[in-house]
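Notes to accompany the following structure.
The values are calculated or read from the model by the stated rules, or taken from the named source; none is laboratory data. Computed from a predicted model, the values in this text were never measured in an experiment. Neighbour counts are summed over all protein chains in view; Cβ atoms, including those assigned to glycine, are modelled from backbone coordinates with ideal geometry.
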Amino acid sequence: MNRSRLRFADLIRTGLLGLTTRLGRTILTAGGIAIGIASMVSVLGISSSSTADVLSELDRLGTNLLAVEAGASFLDDDVRLPDTSSARIRRIPATENAAALTPVSVDIVKSDVMPSGRNGGVQVSATEAELLDTLAGTVADGRFLSTGDGQLPVVVLGSEAAERFGISSVKHRPAVQLGEHRFAVVGILEPLVLYPDIDRMALIGFDVAENLFDSKRAPGTVYLRTDPDYVEQVRNILARTVDPASPSSVSVTRPSEALSAKAEVNKSLTNLLLGLGAVALVVGGVGIANVMVISVLERRGEIGVRRALGATRRHIAAQFVVESAALALIGGTVGVGIGALVTIGYAKRQDWTVSVPLEGLALGVLAALVIGAVAGLYPAVRAARLDPAEAVRPA
Amino acid sequence: MSVLQLTSVTKEYGGKPAVRALDDVSLRIEAGELTAIVGPSGSGKSTLMNVIGTLDRPTRGEVMIEGEATSAMSDAQLAGLRARRIGFVFQQFHLLAGLSAAANVATGLLYRGIKPKERERRSHHALERVGLGHRIDHRPGALSGGERQRVAIARALVGDPAIVLADEPTGNLDSKTSEEIVNLMLELNSEGSTIVVITHDNELAELFPRRVRVLDGRIDSDVQVEALIGAV
Ligand SMILES: Nc1ncnc2c1ncn2[C@@H]1O[C@H](COP(=O)(O)OP(=O)(O)OP(=O)(O)O)[C@@H](O)[C@H]1O
Ligand SMILES: [Mg+2]
């Protein structure tokens, strides 16, 4: 009962007093921590927003899409899959949807306007009505090809192709010229993230392609959507199903793998930047330790008086740890705020859905607190070890 | 029971050559006394005060505060003793620049776990006792040297200690202000405080009822006014 006793609230108040008394130093020192925390939070925030973006794209597109193509051949430039490919693939029970796509060798120009021979890089391809659903694409305006189109000269433009022809709507019945034939544009597609090639295509039906342009039915590519639980199994039997005679001439790809890889790259880049942020944070912590050591030297007199007034070594140590932790906490809070703002600003500019993980922010503040307390430990021990008689002696 | 009793206290500082700052000092101080410890520079006055105030432990000998031996106490126990029973006043005031006069005085109660309200009430009272009731909210930076030392004295008094130790409290003050501070000490003593003042100023020491002269770490003379009067 004759012990010294420092109330917890008084300990906190005493620790903060050291900071408010030396405001300039407090701001500068807390700034170091703020930079470290801000960079870590914004790296985390930006990467999680960007990964969230990629993942939501993946989610939308699904990972159960496969593309079957004829492997490149030395002998033949225009390699094709067997005519029956689509039909065979549709017969696989796990196939939900499939559509063939085949290049058609005909020039396309916007009616009357562009001179013949300049198609602006737009490729005409023949395909089936199922293509849109198979690729999980959407129509920006009008409609997609349908099985009922038969011999009708109608065409659907990829987003980029439409842009090149200056067609943004099907309202006024725009038309394009495919070779000798005039085709009505009945639909314009939204961009297909995984298939930028199709964005530059003009799509027509197989029947009309065969009839007007003498196009073969053998597909260049078949896209298929499988039951999500059987993607790998389907993938394994696809080559043999499509071309039992020479399965090795068939290549099967899974477009979503490109996106998954992108997310992976994102992750490793994030880890690198996070490492840099951590280094900044440690440097900030060392800065705090430094300033606190200097502070202890300067405040010999104060420490001596507090000991004379009854402070124990623990009270002195606790005061400096609180001071150091509070210093880092201020820096951490400011840093988290800046980091969150940077993330939100960046994500807005990239048109991403903002994803600032709250646990991340709390973790940032906590990290600062821990770093501050640890950084304050050594100076605190030094302060506590000061001999009180020495400390009160005039320097 | 004496407020303070030193028995054969010796304090040696390590180093080469070792310095014997206090050499077999015995001293008793009773409650209600006002004592000046005088001596030339380097004679061991500050060492004596640090040992009395338990800021430093003697190499040999015993320091008893209110009948309690301090040599066996732990560092934390000594801190508790200082928090409750001993008040300090220093030559350089040692006030906290960021705190008002009242808050500075209140730190005298900080390490006793007393609630802030109560600390504030008692600090105002202590400031009034030293004649600074009108300077409660001033920061040390806005006070004169004499006023600062009064704040420091109030801080030493606020906890109602058994003994107040002041090491050269007038060392940084001009002679007129020094006299005011000594008069304050006399006044506080007449109100019941036990005070020990250390000074190298013989003239100032003359104003105190009891004068202990220290020379080379030994007590050279110990004179009480009553005894003096009796001798004349
Ligand atoms: N920490 C120390 N280490 C070694 N010697 C010391 C130490 N502190 C004091 N001394 C020595 O002890 C002796 C007494 O010193 P002290 O400070 O007690 O004297 P003082 O009477 O207070 O002098 P002043 O009037 O100048 O303040 C001196 O010789 C001094 O050099
Ligand atoms: Mg001295």
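Being within 14 Å of another protein chain (Cβ to nearest Cβ) and crowded, with 23+ Cβ neighbours inside 10 Å, is that true of even one residue in the range A:18-30?
Yes: one or more hits.
Collect the residues in the range B:102-125 that are farther than 15 Å from A:LEU17 by Cβ, of a type in the set (Gly, Ala, Ser) and crowded, with 22+ Cβ neighbours inside 10 Å, keeping them in residue-number order.
Those that are farther than 15 Å from A:LEU17 by Cβ, of a type in the set (Gly, Ala, Ser) and crowded, with 22+ Cβ neighbours inside 10 Å: B:GLY108, B:SER123.
Only residues that are small (Gly, Ala, Ser) and under 17 Å from A:VAL392 (Cβ atoms): list them for the range B:46-66, please.
B:SER46, B:GLY53
Among (1) at pLDDT 95 or above; (2) closer than 23 Å to A:ALA389 by Cβ; (3) away from ligand 1 (no atom under 16 Å from the Cβ), there is one condition B:VAL196 misses while meeting the rest; what is its number?
(3)
Give B:LEU34, B:LEU6, B:LEU27 a once-over and let me know the one that is out of contact with any Lys or Arg (no Cβ under 8 Å at 6 or more places or on another chain), crowded, with 20+ Cβ neighbours inside 10 Å and within 21 Å of B:PRO209 (Cα to Cα).
Matching residue, one of B:LEU34, B:LEU6, B:LEU27: B:LEU27.
Out of (1) out of contact with any Ser or Thr (no Cβ under 9 Å at 6 or more places or on another chain); (2) modelled with pLDDT of 75 or more, what's the single condition that is false for A:ASP76?
(2)
Quickly run through the range B:114-139 and pick out the residues that are among the aliphatic types (A, V, I, L, M), over 21 Å from the mean Cα position of the chain (by Cα) and within 14 Å of B:GLY159 (Cα to Cα).
Answer for the range B:114-139, where residues must be among the aliphatic types (A, V, I, L, M), over 21 Å from the mean Cα position of the chain (by Cα) and within 14 Å of B:GLY159 (Cα to Cα): just B:ILE114.
Filter the range B:100-128 down to the residues that are in contact with a helix residue (DSSP H, G or I) (Cβ under 7 Å, 6 or more places away or on another chain) and part of a loop (DSSP other than H, G, I, E, B), then identify the one that is farthest from the other protein chains (Cβ to nearest Cβ).
Among those residues, the one meeting the criterion is B:LEU110.
What are the residue pairs meeting all of these: first residue in the range A:376-395, first residue facing chain B (nearest Cβ under 8 Å) and more than 19 Å from A:THR26 (Cα to Cα), second residue away from ligand 2 (no atom under 16 Å from the Cβ) and among the charged types (D, E, K, R), Cβ atoms under 6 Å, and 6 or more apart or on different chains?
Between residues of the range A:376-395 that are facing chain B (nearest Cβ under 8 Å) and more than 19 Å from A:THR26 (Cα to Cα) and residues that are away from ligand 2 (no atom under 16 Å from the Cβ) and among the charged types (D, E, K, R), the close pairs are A:PRO388/A:ARG307.
Listed here are the residues, each with its yes/no results for (1) in contact with a Phe, Trp or Tyr (Cβ under 8 Å, 6 or more places away or on another chain); (2) closer than 27 Å to A:PRO255 by Cβ.
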position: A:GLU96; (1), (2): no, yes
position: A:ALA99; (1), (2): yes, yes
position: A:PRO103; (1), (2): no, yes
position: A:VAL139; (1), (2): no, yes
position: A:LEU152; (1), (2): no, no
position: A:ALA162; (1), (2): no, yes
position: A:GLN177; (1), (2): yes, no
position: A:VAL193; (1), (2): no, yes
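Report yes if A:GLU359 is within 14 Å of another protein chain (Cβ to nearest Cβ) and charged (D, E, K, R), otherwise no.
For A:GLU359, the condition - within 14 Å of another protein chain (Cβ to nearest Cβ) and charged (D, E, K, R) - is not met.
Restricting attention to the range A:345-362, report how many residues are surrounded by fewer than 17 Cβ atoms within 10 Å (Cβ to Cβ) and assigned to a helix (DSSP H, G or I).
7
Sort out for me the strands (runs of 3 or more DSSP E) sitting completely within the range B:10-65 that have 1 or more residues that are away from chain A (no Cβ under 14 Å) and within 12 Å of ligand 1 (Cβ to nearest atom).
Hits in the range B:10-65: B:19-29, B:34-38.
Which of the following residues is within 27 Å of B:VAL214 (Cα to Cα), among the aliphatic types (A, V, I, L, M), surrounded by 18 or more Cβ atoms within 10 Å (Cβ to Cβ) and facing chain A (nearest Cβ under 8 Å): B:LEU81, B:LEU96?
B:LEU81
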